[in-house]
Each structure stands twice: as structure tokens, then as C-alpha cells.
Amino acid sequence: MATIFTKIINGEIPCYKIAEDDKYFAFLDINPVKKGHTLVIPKIEDDYIFNLDDDTLMGLTLFAKKVALAIESAMPCKRIGVAVMGMEVPHVHIHLVPMESEGDLNFAKQKLQLSSEEMDAIAEKIRKEM
Ligand code: 5GP
């Protein structure tokens, strides 16, 4: 069965899209720890980043770098934090989080509640920097 992220790639589930190419896709996390929290994924399904072949992992990293630099330009922050967990969704994803301090990478704390208008505006701001 397709993962929830494959359904997002295929447009079966809506998302706040940031960027896409033939192999990779980026979209806002629906439960952000910070404004601009973005997920970057490969289009192929695998549930563990270190199972990816070297070319796919390298491509994913370079795609994430482009997205991270766009987030950094769009959202005021000290730097973009990177996390890979995969405890919830079995489809490889890199979390990119605009950070002011290390506490911003605490995924156990309460998530932000943002309106769809605010999520749309954030996605648009980041897309303009791509
Ligand atoms: P992890 O698997 O790395 O522990 O966390 C999965 C992440 O995916 C969470 O931060 C969660 O908010 C996000 N997520 C889960 N389902 C969806 C969804 O349907 N849409 C979006 N945009 N994000 C999701």
C-alpha cells in the first residue's frame, strides 16, 4: 500500500508544496515545530534513510540543501536544523527546521497550530526563494 507521503506526491492528499523534481519532493510539515518546518522526501518508497542507494541519498541531500537555503532566506532564523527520525511515517523524510536555539529541534514539545492561510503564506514565501 502506498505511504501517506506517496499519496501526497501523487496529489491524492493535499499539501503545502515547496518544491519538486523528478526524484524528490518538499512540503511543509502539517504539525510544525517552527514556522517553515519542511519535509524533504525521495519519490521512491523506503522507510530508512540508510537503506537508500548512494546516488539517491546524495541527490536527496543536495535537493534538501536547495530547500534549506530557500527556507533560510524566507524565514528569519539563525540556521536550518536537520533531523531524520522516521518514527511515524515509513517513508524516508528529512526534517528542515528554522532554528533560533537548540530547543527548536525538540520534536516532543507542543506543535504550532497554524491556519491554512498562514501555511499557504509560508509555503509561498519559501517557494519564492527557490
Ligand atoms: P517522523 O516519522 O519523522 O517521526 O515524523 C513524521 C512527520 O510527518 C511529523 O512531523 C508529522 O507532523 C508529519 N506528517 C505526518 N503526516 C503528515 C501529512 O499527512 N502531511 C504532512 N504535511 N505532514 C505529515
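On a 0 to 90° scale, report how tilted helix 116-128 is relative to the longest principal axis of the chain, with both axes built from alpha carbons and the result rounded to the nearest 10.
70
Starting from the 7 Å offset along Cα-to-Cβ, what nm value, one decimal, do you get for the label separation of residue 87 and residue 109?
Inter-label distance under the simple model: 1.6 nm.
How much length would be gained if the chain were fully extended between residue 101 and residue 1, taking 0.36 nm per residue of separation minus their Cα-Cα distance, in nm to one decimal?
Numbers: separation 100, 0.36 × 100 = 36.00 nm, distance 3.85 nm.
Separation in residues times 0.36 nm, less the Cα-Cα distance, equals 32.1 nm.
What number, rounded to the nearest 500 deg cm²/dmol, is the helix-based mean residue ellipticity at 222 nm of the chain, given -39500 (n - 2.57) per DSSP H run of at least four residues and division by all its residues?
Numbers: 3 runs with 40 residues, N = 130.
Estimated from H runs of four or more residues: -10000 deg cm²/dmol.
Mind pulling up the Rg/Rh value for the chain? Radius of gyration and Kirkwood radius, both on Cα. Can you show the working numbers first?
Values: Rg = 13.7 Å, Rh = 14.7 Å.
Ratio value, two decimals: 0.93.
Using the Kirkwood radius over C-alpha pairs as Rh, can you work out the diffusion coefficient of segment 1-68 via Stokes-Einstein at 37 °C, viscosity 0.692 mPa s, in µm² per second? Please list the in-between numbers first.
Details: Rh = 12.5 Å.
D, rounded to a whole number, is 263 µm²/s.
Given axes a ≥ b ≥ c from the Cα gyration tensor, I'd like to know whether segment 61-102 is rounded (a/c under 1.5), prolate (a/b larger than b/c) or oblate.
On the way: a/c = 2.90, a/b = 1.55, b/c = 1.87.
Judged from the Cα gyration tensor, segment 61-102 comes out oblate (a/c at least 1.5, b/c at or above a/b).
Using the beta-carbon distance between residue 62 and residue 128 and R0 = 22 Å, what value does 1/(1 + (r/R0)^6) give for FRET efficiency, to the nearest 0.05? List each step's numbers first, then the result.
Numbers: r = 21 Å, r/R0 = 0.94.
Result of the calculation: an efficiency of 0.60.
Considering every pair of different Cα atoms, what Kirkwood radius, in Å, is found for segment 35-86? Please report the intermediate quantities before stating the final value.
Details: mean 1/r = 0.0825 Å⁻¹.
About 12.1 Å, per the Kirkwood formula over Cα pairs.
For helix 54-74, what angle does its Cα long axis make with the longest principal axis of the chain, in degrees from 0 to 90 and rounded to 10?
On a 0 to 90 degree scale, this one is about 20.
None of the figures in this text is laboratory data; all of them are computed from the coordinates on show. Worth saying up front: this structure is predicted, and the values here are computed from it rather than measured. So basically every Cβ, Gly included, is an ideal-geometry build from the backbone, and we count neighbours across all protein chains shown.
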